[in-house]
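Below you'll find the structure, written out as structure tokens, and then a few comments.
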Amino acid sequence: MSDTDLAPADETAKRDYLPAERQDMILSLLTRQSVATVPELAQLLNTTEITVRRDLTVLAKAGLLKRVRGGAMSVSDTAERIATKAALNDISSVVSERTDSGTTVRAVDGRFELPSDQPAIGVMLPEPSFFWPGVINHMHEIATRMGLRLITRESAYEEDIHEENILQEFADDPTVCGLIVAPNAHPEIGQRTWDWIARAALPTVAVERSQPLLQASFVDSVRTNHHYGVRKAATHFLERGHTRVGAAFTETPTSNQILTGWKRVVNGTDRIDCPFIIDGIMPYDTRGVDDIVATVLSSNVTALLVHSDYLAIALAQALERHGKKVPQDISLISVDGFATPSSRPLTVLRSSDRDLAQAAIHTLLHRIQNPEAAARHVYIDPMLVDRGSVVPPPTHD
């Protein structure tokens, strides 16, 4: 196994997952591969095939995946996935080349590899789902052309992970000169990671994470500027005539920034009337989704800002069951942009995996070269991708 392979923190650790955890893991897997079999999922989730089939039924009814014989298929935009994969593979189309620093590299399993004694960057990111695979691929490309190796280790969203052990492995490697990490978002679990970072001598850049409020020391960070991103959404709604806009958010490591940013928009202008903001609803929570739909119908909003994609998909389908279509009756913008199905194209706010990767590496190199400099916090605006799910509100005679 090469240094760049993603390695689970503890492959032997098994436990019984809650239904919500299992369903999250299924959806996560289907963001990085188009099909999953029932036996494969049963092994991954440490459960029975009967339980897996029940979970697939729940997710299929919510419209978050497609059931196929023996397993499930992703509903994500296949054409876009193929195009993205092809673009990322373009950098590995030759057998060997020389980096900007003159170091010879060779292609191994479709990736450029550097000699094992070359300086390395240790990267710890969550399980490779959503936009993380793209971030890792772009980091690998950028680092290799600078004559740096990239050693990646996979963390997890679960609460039983010990990320400090992963980071200590990096610290014990004399070739590792700095770290790029996304600590666990659970306060108690993530605190151990932040405490380790504070004690360590290694330069570190945090990606898409906020430090604990009263952390003793500050590290450089790179993250999506969700506060400005939701302004793009608000402007997009206003330009198309929407002034009464509701909001609904799933709980994720970035949802608090999205929620805070939206509240700033609503409180900072009288041009948008937001009668409700509902947070903490998971996309497979059928009752919670139905409650949001009931609120939408009773409040007479004409548009919705939703995070994440899966919640947006579930809401669009639930609205249709109540006779309301997106975008003819309700316009919708989703904050994620990585799992929108081709059958239901949604306008999205989408983080740039390339820009995040580039900013993280350049910020880390600046820290290595300037160890006494003040901490840097780099924010990158997300892109608004217009897929036609925001149209002028319907007129009523």
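Here Thr193 meets the list (1) of a type in the set (Val, Ile, Thr); (2) within 30 Å of Pro392 (Cβ to Cβ); (3) crowded, with 19+ Cβ neighbours inside 10 Å almost entirely, failing just condition (2).
The residues listed here are Val219, Val181; of these, the one that is in the same structural domain as Arg376 (by TED's automatic domain parsing) and under 19 Å from the mean Cα position of the chain (by Cα) is Val181.
Condition check: within 30 Å of Ala120 (Cβ to Cβ), at pLDDT 80 or above and in a helix (DSSP H, G or I). Does Leu88 satisfy that? So Leu88 does not fit the description; no.
Any idea which residue in region 254-271 is surrounded by the fewest Cβ atoms within 10 Å (Cβ to Cβ), counting only those that are part of a helix (DSSP H, G or I) and among the polar types (S, T, N, Q)? Outline the logic, then answer.
Narrowing region 254-271 to residues part of a helix (DSSP H, G or I): 255-268.
So of that shortlist, the ones also among the polar types (S, T, N, Q) come out as 255-257, 260, 267.
On the way: Ser255: 18, Asn256: 15, Gln257: 21, Thr260: 12, Asn267: 10.
Here the residue is Asn267.
Of all residues in region 370-380, none are within 20 Å of the chain's Cα centre (by Cα), part of a loop (DSSP other than H, G, I, E, B) and touching a residue at least 40 places away in the same chain (Cβ under 8 Å).
For region 294-315, give me each residue that is free of Cβ contacts under 8 Å to residues at least 60 places away in the same chain and not polar (S, T, N, Q).
Ala294, Val296, Leu297, Val301, Leu304, Val306, His307, Asp309, Ala312
The condition of being free of Cβ contacts under 8 Å to residues at least 24 places away in the same chain and in contact with a helix residue (DSSP H, G or I) (Cβ under 9 Å, 6 or more places away or on another chain) holds for only one of Ser210, Ser221, Ser217, that being Ser217.
The values are calculated or read from the model by the stated rules, or taken from the named source; none is laboratory data. Please read these numbers as outputs of a predicted model, since none were measured by experiment. Note that each Cβ is placed from the backbone with ideal geometry, even for glycine, and that neighbours are counted across all protein chains shown.
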